[in-house]
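Notes follow the structure.
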Amino acid sequence: MQRRPERAGRPKNRPNHPHRQTKLGPVIKNGPTPPQAASQAPAYAFPDAWTPWVDETIPQFVKSRYSPKENWKDKPFDKPDVRFFLKGVQELSELFTQERPRDLPAYFRHPKFRSAYLLYFMPLQAAKFILLFQQHAKAVEAALKYAKKTGVLRIADLGAGPGTASFALLLILMKSWKEAPSTIPDIELLWVDTNPQALEDGRLLFDKFCETNPELKGRVKLRTEVAPWWKAPKLLDGDASLILLGNVLNEASDPTSHLRKDVRKARRDLGPDMEFETETHEPPTATIPPEWKDLLKVAKGGGILVVDPAARGSSQRLSRIRDLLLPELKPENPRETLIWGPCLHLGACPLAQGRDWCHFSVPMKVPGKWFREFSIGLGSERHWVKFSYLWIAAREYPAPAADRILRRVISDPLDNSKQDILICEPGTPRKFRSARNRDLRRGDVIRLPSKS
Ligand SMILES: C[S@@+](CC[C@H](N)C(=O)[O-])C[C@H]1O[C@@H](n2cnc3c(N)ncnc32)[C@H](O)[C@@H]1O
């Protein structure tokens, strides 16, 4: 099933690697961290404010809003509540593993699924943002730099649901806020979603969050808008310091479906090498969807971060969007790039089609006692997070280009010798034979030997 990896439990026949901090940037084999990756150690840490949010604020909010009995509502969240809400978590997990995510019913219309999302899926998705904000700390810095210039950190969270991505950012910023309040400007959040009930849940949860973190009071403003994500440029009060799209593109309509045909045809014409124009490594020309053009125009500071499920369909759709946007992502200076990650080049994505796709699997224990209970209720304790992502840099705040000899590993070992892996090259993946015992995995970044 397409989205099965998003369920709890460990993948079959796939050992966990507790010694690895992450499969993204910082696990560099035989080479330096690419400039756009975050610091080496620790690769990520959950902020102090995480546990009270996940163990108290969310469950208490859900219980008071969604318990069927009035006299339960004020009691602390406890094991019987896990049993009560688990059914919704299980059913929603089943829905999310469907073959065609865009045929999903409007699950957020049902209280059972909204409560399930808040209790289990929201911490799970937020954990991915927590990881990426730290992996790409320089992109977050760019958002803050731009905010200092304008006096406000304006965040657009598109397909926000209950505000997952924004909460993750607030949790990350809380530390600096407590230690040096003047380093964080006032924040304006704009949440755009087609589902009003999910937005309302998020708004009420946000009020609770501000009550438990009084330093935020009066310094963070939230506006919600019921609208499709692509209307955001018209809804914003000014340019955004950062735009976040969490698990929405895979559900929303696909502006790239026409490109799929173009890419298939181009690849047929080009034959088995499957390289796009060999000089430029550019994908076939196709028009940039106007909704993306408009979004790029208002994305300043930290640019646009898109996180989608790790499944092939959603990942390849994201790769195609990336390829469509490439003409807009040419940096002025060759030592810069307009992609913070995961791409180390600005050629066509080699995984936009075909058997493989660009995704990451990061060993991670998401802290939270109720989260753990729900994940056990789904099968077994969760030990990793999986996702695909693309972080586009703003033109005025480009990322440093990666060293030309660095390559990202885009497969797990291809055979038992564990030496052969695929590395990311413009247009087509390249098979690479590594030294013995290197144990390279998807997401690692390697330095090519000088003769290759
Ligand atoms: C899986 S939820 C993700 C919520 C949140 N971003 C997160 O990461 O937890 C997907 C959200 O996208 C919203 N959505 C679906 N299609 C949309 C569209 N075209 N425009 C805006 N929101 C949309 C749904 O209502 C839902 O709230």
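The values are calculated or read from the model by the stated rules, or taken from the named source; none is laboratory data. Quick caveat: nothing in here was measured; it's all calculated off a predicted structure. Cβ placement follows ideal geometry from the backbone for every residue including glycine, while neighbour counts extend to all protein chains displayed. Surface accessibility is based on the protein's heavy atoms, side chains included, excluding ligands, DNA and RNA. Shrake-Rupley method; radii C 1.70, N 1.55, O 1.52, S 1.80 Å.
Counting only the Cα atoms, segment 68-179 fills a convex hull of 167 Å³ per residue.
Among the listed pairs LYS234/LYS386; LYS178/LYS293; LYS231/LYS330, which are separated by more than 27 Å between their Cα atoms? As for pairs spanning more than 27 Å Cα to Cα, those are LYS234/LYS386; LYS178/LYS293.
Label-to-label distance for PHE84 and LEU235 is 3.2 nm, based on points extended 7 Å past Cα in the beta-carbon direction.
3J(HN,Hα) along segment 115-120, derived from phi through the Karplus expression 6.51 cos²θ - 1.76 cosθ + 1.60 where θ = phi - 60°, amounts to 5, 4, 4, 4, 6, 10 Hz, with x in place of Gly and Pro. At a probe radius of 1.4 angstrom, the accessible area of segment 311-395 per residue rounds to 32 square angstrom. Solvent exposure of segment 75-160, expressed per residue, is 40 Å² of accessible area, with all protein chains present and a 1.4 angstrom probe. The convex hull built on the alpha-carbon positions of segment 347-394 has an orientation-averaged projected area of 5.7 nm². Using 1/(1 + (r/R0)^6) with R0 = 35 angstrom and r between the beta carbons of GLN98 and LEU414, what's the FRET efficiency to the nearest 0.05? So the FRET efficiency works out to roughly 0.75. Couplings 3J(HN,Hα) of segment 132-144, computed from phi: 5, 4, 8, 4, 10, 4, 5, 5, 5, 4, 4, 4, 5 Hz, in residue order, whole Hz [Karplus 6.51 cos²θ - 1.76 cosθ + 1.60, θ = phi - 60°; x for Gly and Pro].
Converting the Cα gyration tensor eigenvalues of segment 98-149 into ellipsoid dimensions via √(5λ) gives semi-axes, longest first, of 32, 13, 12 Å. Across segment 316-380, Cα-Cα pairs more than 18 Å apart make up 56 percent of the total.
Distance distribution note for segment 375-452: the fraction of Cα pairs above 16 angstrom is 63%. For HIS383, the solvent-accessible surface computed with a 1.4 Å probe is close to 50 Å², ligands and nucleic acids excluded. Relative to the current alpha-carbon distance between ARG65 and GLU291, full extension at 0.36 nm per residue lengthens the span by 77.8 nm.
Rolling a 1.4 Å probe over the protein heavy atoms leaves GLU94 with an accessible area of roughly 80 Å².
Per the Debye formula on identical point scatterers at the alpha carbon atoms of segment 309-446, with no solvent, log10 I(q)/I(0) at q = 0.14, 0.21 Å⁻¹ is -0.74, -1.23. Which FRET efficiency value, to the nearest 0.05, do you get for ASN333 and HIS110 by plugging their Cβ-Cβ distance into 1/(1 + (r/R0)^6) with R0 = 41 Å? Rounded to the nearest 0.05, the efficiency is 0.20. Taking a probe of 1.4 angstrom, what is the accessible area of LYS148 in Å², to the nearest 10? The accessible area of LYS148 comes to roughly 120 Å². Here each label is just a point 7 Å from Cα along the line to Cβ, and for LYS217 and THR51 those points are 2.6 nm apart.
Applying 0.36 nm per residue to the separation of GLU91 and LYS145 and subtracting their alpha-carbon distance, the gain on full extension is 15.2 nm.
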